[in-house]
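Worksheet: one structure, shown below.
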Amino acid sequence: MAPITWRRLVHSVYSPAIAGVFSRISDRLFRAQERRRGSAVLLLAPLLAQAEPAPRHVSRPTGSAGAQGSDGLCTHFHWMAEQVPAFRVPGAHIKILTSPDQFYQAMKARIRTAQRRVVMASLYLGTGQLEQELVDCMEEALQHSKENSHSPGLKVSVLLDYTRGSRGQINSRTMLLPLLQRFSSQMRVSLYHTPDLRGLLRLLVPQRFNETIGVQHIKVYLFDDSIIISGANLSDSYFTNRQDRYVLLERCGELADFFSELVEAVGDVSLQLQPDDSVTMLEGMVHPYKGNRQDFAAAARKRIMEVVSSAQVRQQLLRHRSKEEGGMSECEEDTWVFPLVQMKPLGIRLDEQVTQRLLTDAGPDSTVYLTSGYFNLTRAYMRLVLGTGARYRILTASPEVNGFFGAKGVAGAIPAAYIHIARQFYNQVCQLGQQDRVRLHEYHRPQWTFHAKGLWYYLQGQDRPCLTLIGSPNFGYRSVHRDLEAQIAIATENEELQRQLQEEQEMLYRRSSEVSDSTFQQPDRHVKLWVKLVTPLIKNFF
């Protein structure tokens, strides 16, 4: 009975701060045992007060900012290819989706026609009717493949977060179990479990709060050689009235191979769902919360970075060979795609490094439109926004379109906490006299929520963006330090793709209002003292 009593006690008083306290207590209690038997229950290192290093100064790239043609574009952003894989693709193969319904219909259509692979990575899969229709599409495709081949060619791989995907009696796992039971040779369901949720912390933190410690947050949806990169989860609100961003890349085989291998690598170090709803680890893999934390992180990093490094080398060789053989013309391959991965718990911080460099190089000759559903810039990103010369137009959710608006308990304070964060940032802008250069906007839309994230980069003299970041990161503390994230940088000279990016950016900003002093004087912007006091904790955990 004792464990149940403890759970009830913690559930009644839990706040994110307790996670740090339990970390320290458990660390001391179990450190000796950890030395003897290899970290079976050692908790994560203290979660709070992780110092963020100041962004190091990086010299600006050489080459003309207004250079035309894919080679000129590569010269301007060539430094990305030195850090991450660089895929050269035709811009005509890329389409910006603008609505939740477009996103949902595109997935269903491509699942039905997939011949070789369906790969889906998300935080979770919802349990409603729309989500069931997605599962039904997978079932139809798997059954069709099974009936029309002596050796079924279609493989379906789903990667979700363990904590979010296991919440409640009806959950992501129970949604997928029938497929796993019927098509066990064609179906794989992997559940990533952060190594930071372990020991006493894992035992005591209530189910609704355990995902604050860290989750699998990548949103990649792949169908044969087509990919959708987004910040949207597989849940009904993301298919109907939750505004996000989505990009569809078709006939991009090499890029699809990369993301398929990346999801497979994360899946290999995750728990494997079995037809009886149990979970196991692949043979030889370190367990994420029963095994030694450092050993797990090292093994996971090695497995994932093998994918990144081999892709980078392979693309470099292909570019070299293409130059020697003449390759495709510039007008055919006018766009570069750079995958950016951030997995700080595993020691992988490629997205952070590239984003810092991009913000560092954004000089007075450029304009950056940046959006995040949860405006919570890391200190490093904030210093770059406030300290560099580029013009910034930052879009975030107004309180009523925040995904936590109206929630119960601690979560209900999150919209007010983000009001407080926005006001602190706005005050800093004013104190520095940067109101003309850095402007904050709020998104408004009745009966909708706002989850869009990323940026659009305009060079001097250009009325259309030449680069965008799109994917799962929010530019906040959790995205950088806690979760597994992935996005892509798309650098393009394709005029039609640039037009689509411009229209996407303008569509989102049209539904916004600019923040001013009067914004925070409105009655609904009053923030209670206790919310202000817990805001530093909310910044780290939500």
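The values are calculated or read from the model by the stated rules, or taken from the named source; none is laboratory data. Quick caveat: nothing in here was measured; it's all calculated off a predicted structure. We place every Cβ from the backbone using ideal geometry, glycine too, and count neighbours over all the protein chains shown. When the accessible area is computed, the model is the full protein with side chains, heavy atoms only, and any ligands, DNA or RNA have been set aside. Shrake-Rupley method; radii C 1.70, N 1.55, O 1.52, S 1.80 Å.
Give me the distance between the Cα centres of region 165-220 and region 384-462, rounded to whole Å. So the separation of the two Cα centres works out to 31 Å.
List the equivalent ellipsoid semi-axes of region 234-292 in whole Å, largest first, each obtained as the square root of 5λ for an eigenvalue λ of the Cα gyration tensor.
Equivalent ellipsoid semi-axes, largest first: 30, 19, 11 Å.
Taking the alpha carbon gyration tensor of region 283-323, multiplying each eigenvalue by 5 and rooting it gives semi-axes of 33, 8, 5 Å, largest first. Here residue 146 is the anchor, and the lysines within straight C-alpha reach of less than 22 Å, apart from those fewer than 8 places off in the same chain, are 108, 155.
Rounded to 0.05, the FRET efficiency of the residue 301 and residue 254 pair, given R0 = 25 Å and the Cβ-Cβ distance, is 0.60.
Set the Förster distance to 35 Å, then compute FRET efficiency between residue 277 and residue 407 from the Cβ-Cβ distance, nearest 0.05. Could you put the intermediate results ahead of the total?
On the way: r = 29 Å, r/R0 = 0.82.
Calculated transfer efficiency: 0.75.
Once the mean of 1/r is taken over each pair of separate Cα atoms and inverted, region 74-127 shows a Kirkwood hydrodynamic radius of 14.8 Å. Taking every Cα-Cα distance in region 109-235 and sorting them into 10 Å bins starting at zero, the pair-distance distribution P(r) comes out as 13, 42, 30, 12, 3, 0 percent. Heavy atoms of the protein chains alone define the surface here; on that basis region 105-155 has 47 Å² accessible area per residue at 1.4 Å probe size. Size check on region 174-259: the Cα extents along the three principal axes, sorted descending, read 48, 36, 26 Å.
The fraction of Cα-Cα pairs per 5 angstrom bin, counted from 0 for region 373-480, comes to 2, 11, 19, 24, 21, 14, 7, 2, 1, 0 percent, rounded to whole percents.
Remark: spin-label model distance residue 513-residue 317 equals 5.8 nm, labels positioned 7 Å along the Cα→Cβ axis. Computed from phi, the 3J(HN,Hα) profile of region 270-275 under the Karplus parametrisation 6.51, -1.76, 1.60 (θ = phi - 60°) reads 9, 6, 9, 6, 9, x Hz, with x in place of Gly and Pro. Just so you know, the averaged projected area of the alpha carbon convex hull for region 226-265 sits at 3.2 nm². If you wrap the Cα atoms of region 330-405 in a convex hull and average its projected area over all directions, you get 7.7 nm². The convex hull defined by the C-alpha atoms of region 123-169 has an orientation-averaged projected area of 4.0 nm². Would you please state the base-10 log of I(q)/I(0) at q = 0.11, 0.17 1/Å for region 256-340, with intensities from the Debye formula using one equal scatterer on every alpha carbon? Log-scaled intensity ratios, in q order: -0.47, -0.80. Both radii were evaluated on the Cα set of region 310-466; the Rg over Rh quotient, with Rh as the Kirkwood radius, amounts to 1.06. Dividing the radius of gyration of the alpha carbons in region 467-541 by their Kirkwood radius gives 1.10 for Rg/Rh.
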